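In what follows, a single structure is set out as structure tokens and then discussed.
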Amino acid sequence: MDFVSSLLVGLAQLLCESMNTAERSVHKTDLKQAIGDLETSIADLKAIRNDLKLRVQQDELEGRSRTSRATTWLEAVEAAEIKTDSILARFMRREQRTRMRRRCFGCGADYKLRRKVFATLKSIGELRERSKEIIKTEGGSSQQTCREIPIKSVVGLNAMMERVCEFLSEEEERGIIGVYGPGGIGKTTLMQSINNELITKGHHYDVLIWVTMSRDFGECTIQQAVGAQLGLSWDEKETGEHRAMKIHRALKQKRFLLFLDDVWEEIDLEKTGVPRPDRENKCKVMFTTRSMALCSNMGAECKLRVEFLGKQNAWKLFCDRVGREDVLESPSIRRLAEFIVSKCGGLPLALITLGGAMAHRETEEEWIHASEVLNRFPAEMKGMDYVFALLKFSYDNLESDLLRTCFLYCALFPEDHSIEIEHLVEYWLGEGFLTASHGVNTVYKGYFLIGDLKAACLLETGDERTQVKIHNVVRSFALWMASEQGTYKDLILVEPSMGLSEAPRAEKWQQALVISLSDNKIKTLPEKPLCQNLRTLMLQRNGSLKKIPTGFFTHMPVLRVLDLSFTGITEIPLSIKYLVELYHLAMSGTKISVLPEELRNLRKLKHLDLQRTQFLQTIPREAICWLSKLEVLNLYYSYAGWELQSFGEDDVEEEEEELGFADLLHLENLTTLGVTLLSLETLKTFYEFSALHKRIQHLHVEECNGLFYFNLPSNGRSLRRLSIKSCHDLEYIVTPTDAENDDWLPCIEVLTLHSLHKLSRVWGDSVKKECLRNLRCVNISHCHKLKNVTWVSQLSKLEVIELFNCRELEELVSEDVEDPALFLGLKTLSIRDLPELSSILPSRFSFENLETLVITGCPKVKKLPFQERVQTNLPTVYCDEKWWDALKKDQPTKSFLVYHVLFLIDNSVIV
């Protein structure tokens, strides 16, 4: 058996040896040749690979990303190289053997090696063919955020950049950030700076994508931009859904940062294929827009407004663009340059444009001319056409002609002037912009439109919550648009706050649709201007204007809005009877003493504002009773002759000519009433006219001696402003029963209490937190029995507290208060001449949002109501210098350097 086995093995070895010898003789040369071909081929492929890598690296430096095809090909080349190295190493080991084992599997090993060589050569050949197409198409697609974007000097954006970088950090869970602001404010510059910051310092994202939007950018266009930057390709016939699927597949495994610059309409990210950022994928989307509303529509979890530059940064940016320090060092030119900078209002685009325009201007005369043009006709200044064109995008993007018309009207007010929203809406109503439909409150509609204009960044929040303002440059743009882009300048005559002592010549009035000459020093007006098209005339705050010419209103047949408030006029010319289309007449703060009977001709008049006309003694019944459409009659701090009709016994015929409460009942459309009551008898009479109580919005009560407790008419449900003065017997204001206490004084905004010598507490009983919910200003003075005003601490909308000369006031808020949410909205606190005041707030509380503190004549106050270690937004403090020095001495460990302090002498600020 062993012999047989040995024989079989020997025969097998002989057979294999003979076969191997034959095969080696046939293929030895072929294998060596193939190995040589393999070495040559892989060397050529490596050269192609290295060239392609250099191109890819250069593309990435220039902001282009490699395509997916290139990545796959490079990976395949790497695999082929590894496989080739393995084959070559195996062949070298074979050649080094001096003696081969003569076993049957030896021939099989060479055979397998040969097969691998030829298979690898075939793969290399295919890779070389594929490389031709890869090289032809490689170069990526534009991905702008993969390179530093050249931008001009960045001024005043450091704080905003820090906030954005915090949002883009890995720790931040919010995924979408909206950056908004008006055109030219620097939103794009901010995002470009963020891009450069990430490129320079590194980031944790797999891919950065930048898409520059436009007004007509659709979702399909976004897909093309994103797809191109991801290296995706599709044919033109491919549907949006299929493109979205490709984009989604490409992005769902990546941590991406998507920049969308200048978004105008809501974008459905999911519809475009972009995965929505969340906590798990840690992706981010950052976009810029001119609309705050769009931030909400886009689901922005963080909304950041880019603010206008402050004075220092605005000056720096302007000087950088001018680039001529030697010119700006001239005192006369510097003064003019500062004026130009002020006209820009901190808008970077305007500063850059005007700075460039003035870069080669060296003489004072040139700078004077530029200042005059910018002040009078800014559209004619070089470069401003580009600024206005940019703003026109926002204007055109407003949803309706109504919004555009209301916006243009805002330009009638002076620069940097805060406009009371209530007054602005009243003007719009007067012009007929807002009309009632389907029971919708037109006043609320006006507020809604203002919200739209603020969201579009065409209006700004004013100095107070109840105000708005229009930016200088935006206002200049609005005037340009109102004059048909400068084509018909005669359509508007707008020169408020220009320091005019004389009104423009009558010829300039002839074609005007609107005239605004408010806030000047005008002394005289044209005698009888011809104004056939004039709809709005604003002359308010011309204190030097004492008289209006007799025939002044004769030729103003379509005038709808007339404002004479706070002028020095003492009488109204009889020509006012010709204003038969007048809707809105404001004469508050004037010195008129009599309303002319001719007012009866103004049958379309709906709004008559006579508040604070303290000299007004006579209002004939005939002047008011014929005004059947009158909706608003405001006589707050004004006419108080109601009792003449009610109590007179002699000269009955003459007395019945005076306006009385009964006459107001016949004004069926009257909804808003302001009343002044100057005696207890008048007050009692007014109580009898209960139908008027629900219309009262402004109430002034004065010198009602014998009034111990004051019951508000109809519980003050409609009351917005209440003033009680010199009622020396008054002890408190009566509060309603518990059943009515929940909705008591819900609308009141301003409360003034003056010279109430026996007032020991403001309210008879405690007031629930739900009441007084809209009260924003409290002014109390010369109320010597008052101990504290703890009740103000629960007012969520309170912005201003003024306490003056209350001798026994000991504390602002009692120590018993437990509610930690105190004075969250308070901005101004003025406490003066309170000799017994020792505590402003309990030590555990502080004013978190206070902007201004005035404190003088309060010697017992030894502590400021702020927690310095916690608060970073400490207010400006106006105080006595001696008191401040004593405060520092008593509290040496406190840091008083963080406060901005201005000292007072005789209630005047020392500069």
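Residues of the range 573-583 that are assigned to a loop (DSSP other than H, G, I, E, B) and crowded, with 20+ Cβ neighbours inside 10 Å: LEU579, LEU582, TYR583. Comparison of VAL274, VAL207, VAL211 shows that the only residue that is touching a helix residue (DSSP H, G or I) at 6+ places or on another chain (Cβ under 9 Å), over 29 Å from ALA455 (Cβ atoms) and of a type in the set (Val, Ile, Thr) is VAL207.
Quick one: is LEU349 crowded, with 22+ Cβ neighbours inside 10 Å and either closer than 22 Å to ASN313 by Cα or modelled with pLDDT under 90 (or both)? No, not satisfied.
Considering only the range 721-748, state which residues are touching a residue at least 40 places away in the same chain (Cβ under 8 Å) and more than 17 Å from CYS783 (Cα to Cα). Listed by number, the residues that qualify are ARG721, CYS747.
Among the residues of the range 246-262, not one is under 27 Å from GLY186 (Cα atoms) and without any contact (Cβ under 8 Å) to a residue 12 or more places away in the chain.
Considering LEU424, LEU429, LEU351, the condition of being touching a residue at least 60 places away in the same chain (Cβ under 8 Å) and of a type in the set (A, V, I, L, M) is satisfied by LEU429 alone. The residues of the range 473-499 that are part of a loop (DSSP other than H, G, I, E, B), within 20 Å of VAL561 (Cβ to Cβ) and not hydroxyl-bearing (Ser, Thr, Tyr), listed by number, are GLU495, PRO496.
Listed here are the residues, each with its yes/no results for (1) at pLDDT below 85; (2) in a helix (DSSP H, G or I); (3) buried (at least 19 other Cβ atoms within 10 Å of the Cβ).
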{"site": "SER153", "(1), (2), (3)": "yes, no, no"}
{"site": "ALA159", "(1), (2), (3)": "no, yes, no"}
{"site": "GLU166", "(1), (2), (3)": "no, yes, no"}
{"site": "GLU171", "(1), (2), (3)": "yes, no, no"}
{"site": "VAL179", "(1), (2), (3)": "no, no, yes"}
{"site": "HIS204", "(1), (2), (3)": "yes, no, no"}
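Conditions (1) polar (S, T, N, Q); (2) under 28 Å from PHE393 (Cβ atoms); (3) surrounded by 15 or more Cβ atoms within 10 Å (Cβ to Cβ); (4) more than 21 Å from the chain's Cα centre (by Cα), marked per residue:
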{"site": "LYS252", "(1), (2), (3), (4)": "no, no, no, yes"}
{"site": "LEU260", "(1), (2), (3), (4)": "no, yes, yes, no"}
{"site": "TRP264", "(1), (2), (3), (4)": "no, yes, yes, no"}
{"site": "ARG279", "(1), (2), (3), (4)": "no, no, no, yes"}
{"site": "CYS283", "(1), (2), (3), (4)": "no, no, yes, yes"}
{"site": "ARG290", "(1), (2), (3), (4)": "no, yes, yes, no"}
{"site": "VAL322", "(1), (2), (3), (4)": "no, yes, yes, yes"}
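Does LYS53 satisfy the condition of being assigned to a helix (DSSP H, G or I), charged (D, E, K, R) and modelled with pLDDT under 80? The answer is yes for LYS53.
Within this structure, ILE855 fails the test of being outside any loop (DSSP other than H, G, I, E, B), at pLDDT 80 or above, outside the structural domain of LEU904 (by TED's automatic domain parsing) and not charged (D, E, K, R). Scanning the range 363-379 for residues that are surrounded by 14 or more Cβ atoms within 10 Å (Cβ to Cβ) and outside any helix (DSSP H, G or I) gives a single hit, PHE377. Of the residues making up the range 722-743, those that are over 11 Å from LEU756 (Cβ atoms) and at pLDDT below 95 are VAL734, THR735, PRO736, THR737, ASP738, ALA739, GLU740, ASN741, ASP742, ASP743. Evaluate the range 384-407: report whether one residue or more is of a type in the set (Phe, Trp, Tyr), buried (at least 20 other Cβ atoms within 10 Å of the Cβ) and outside any helix (DSSP H, G or I). For the range 384-407, residues of a type in the set (Phe, Trp, Tyr), buried (at least 20 other Cβ atoms within 10 Å of the Cβ) and outside any helix (DSSP H, G or I): absent. If only residues of the range 285-332 that are among the acidic types (Asp, Glu) and in contact (Cβ under 8 Å) with a residue 24 or more places away in the chain are counted, the one that is nearest to ALA159 (Cα to Cα) is GLU307. Note on the range 694-730: residues that are in a loop (DSSP other than H, G, I, E, B) and either buried (at least 17 other Cβ atoms within 10 Å of the Cβ) or small (Gly, Ala, Ser) (or both) amount to 12. From the list GLU238, GLU270, the lone residue that is loosely packed, with under 14 Cβ neighbours inside 10 Å and either at pLDDT below 85 or assigned to a strand (DSSP E or B) (or both) is GLU238. For LEU545, the requirement of being closer than 20 Å to LYS577 by Cβ, among the hydrophobic types (A, V, I, L, M, F, W, C) and in a loop (DSSP other than H, G, I, E, B) is not met. In summary, VAL558 fulfils each of the numbered conditions (1) surrounded by 19 or more Cβ atoms within 10 Å (Cβ to Cβ); (2) among the β-branched types (Val, Ile, Thr); (3) closer than 23 Å to GLU631 by Cβ; (4) without any contact (Cβ under 8 Å) to a residue 60 or more places away in the chain with the single exception of condition (1).
The values are calculated or read from the model by the stated rules, or taken from the named source; none is laboratory data. Everything numeric in this text was worked out from a predicted model, so none of it was measured. All Cβ positions, even for glycine, are placed from backbone atoms using ideal geometry, and neighbour counts span all protein chains on display.
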